[in-house]
1. Suppose the chain between Ala63 and Thr14 were pulled fully straight at 0.36 nm per residue; how much longer would it get relative to their current alpha carbon spacing?
2. Starting from 0.36 nm per residue, how many nanometres of slack lie between Arg48 and Gln22 once their C-alpha separation is accounted for?
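Bear in mind these aren't lab numbers, they're just calculated from the coordinates by the rules spelled out. Keep in mind that this is a model prediction, so the values were computed, not measured.
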Amino acid sequence: MLKYIAGYIIAMATLSADVTAQMQKWIDSKVKAGLYKSRSEVVRELLREKMEEANYPKMPLSAKTLKKVWDDNSDKIWESYL
């Protein structure tokens, strides 16, 4: 799936995860408070934070990189991030 985020078209994957009732209530409280637009945004933010803690490099968002990702259907571009 492609999404338009912050002026860029980004390829997105769908993921399903089981969470406890307490986790769901916490996530929903963040959305209800207006801190996030959706549950997915909460989960993505938490994943970004964990990746930064693990010293993963940030995803480059240059126009050249985005074009390369768009044109390349393989996952080669992402190998350095995994």
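1. Values: separation 49, 0.36 × 49 = 17.64 nm, distance 2.42 nm.
So the chain would gain 15.2 nm between Ala63 and Thr14.
2. Working: separation 26, 0.36 × 26 = 9.36 nm, distance 2.14 nm.
So the chain would gain 7.2 nm between Arg48 and Gln22.
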